[in-house]
1. Of all chymotrypsin sites (Phe, Trp or Tyr not before Pro) in region 8-101, which ones are in loop regions per DSSP and have a Cβ with at most 14 other Cβ atoms within 10 Å?
2. Sort region 15-112 into rounded, prolate or oblate with this rule: let a ≥ b ≥ c be the square roots of the eigenvalues of the Cα gyration tensor; rounded if a/c is under 1.5, and if a/c is not under 1.5, prolate when a/b is larger than b/c, oblate otherwise.
3. Under a Cβ-only charge scheme (Lys and Arg +1, Asp and Glu -1), can you give me the dipole magnitude of the chain about the Cα centre, in debye to the nearest 20?
4. How many nm separate the modelled label positions at N75 and L96, each set 7 Å beyond the Cα in the direction of the Cβ?
5. Given the options S87, S65, S34, which has the most mean-square fluctuation in a GNM of the chain, springs set between C-alpha atoms less than 10 angstrom apart?
6. How large, in percent, is the carbon and sulfur part of the accessible surface of region 8-122 at a probe radius of 1.4 Å?
7. Using a Förster radius of 30 Å, what is the FRET efficiency between E111 and M1 based on their Cβ-Cβ separation? Nearest 0.05, please.
Amino acid sequence: MIFKVLIVDDDYINRRLIISFLKKILYQIETIESVDGEDALIKCRENRDIQLILLDVEMPNMDGSEFLIKYINDNSLTDIQIIAISSNDLRVKEILDLGADYFIVKPVTEEKLLSSIIKTKDNRFNKN
């Protein structure tokens, strides 16, 4: 089974770095890239089998918090794990309250990414 991940970040290098980490820690992976929240919503609607969203919080056009508000309020979208990523740890509570499952403070490392994926899955199983 292929694990499908949507990476939402306006910075090309950050997306490349996250993809390289994901390919090391997950065996079969397909990544989809978005440059902002607006494009990410479109990709979510087009790809109903996405299993994880890695969401940068600070982006132009539509940032991570705006994406979360629209995503959560769109009943046509399925419930996907969302890990928010930001250099600003002052927004952790706000972003988690908006519906993100986990929060990573930049810089993203392979260890932080793997740990957040595991914790997000554990939290999901414990809620059910």
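1. When the chymotrypsin sites (Phe, Trp or Tyr not before Pro) of region 8-101 are filtered for loop state and at most 14 Cβ neighbours within 10 Å, Y27 remain.
2. Here region 15-112 falls in the oblate category.
3. Numbers: 17 positive and 23 negative charges, 118 e Å.
Dipole of the chain, to the nearest 20 debye: 560 debye.
4. 3.0
5. Most flexible of the set in this elastic network: S87.
6. The computed percentage sits at 53.
7. After rounding, the FRET efficiency stands at 0.80.
The values are calculated or read from the model by the stated rules, or taken from the named source; none is laboratory data. In this text the structure is predicted, and so the values were computed from the model without any measurement. Every residue, glycine as well, gets a Cβ built from its backbone with ideal geometry; the counts of neighbours run over all protein chains shown. Accessible surface is based on the protein model in full, side chains and every heavy atom, while ligands, DNA and RNA are left aside. Shrake-Rupley method; radii C 1.70, N 1.55, O 1.52, S 1.80 Å.
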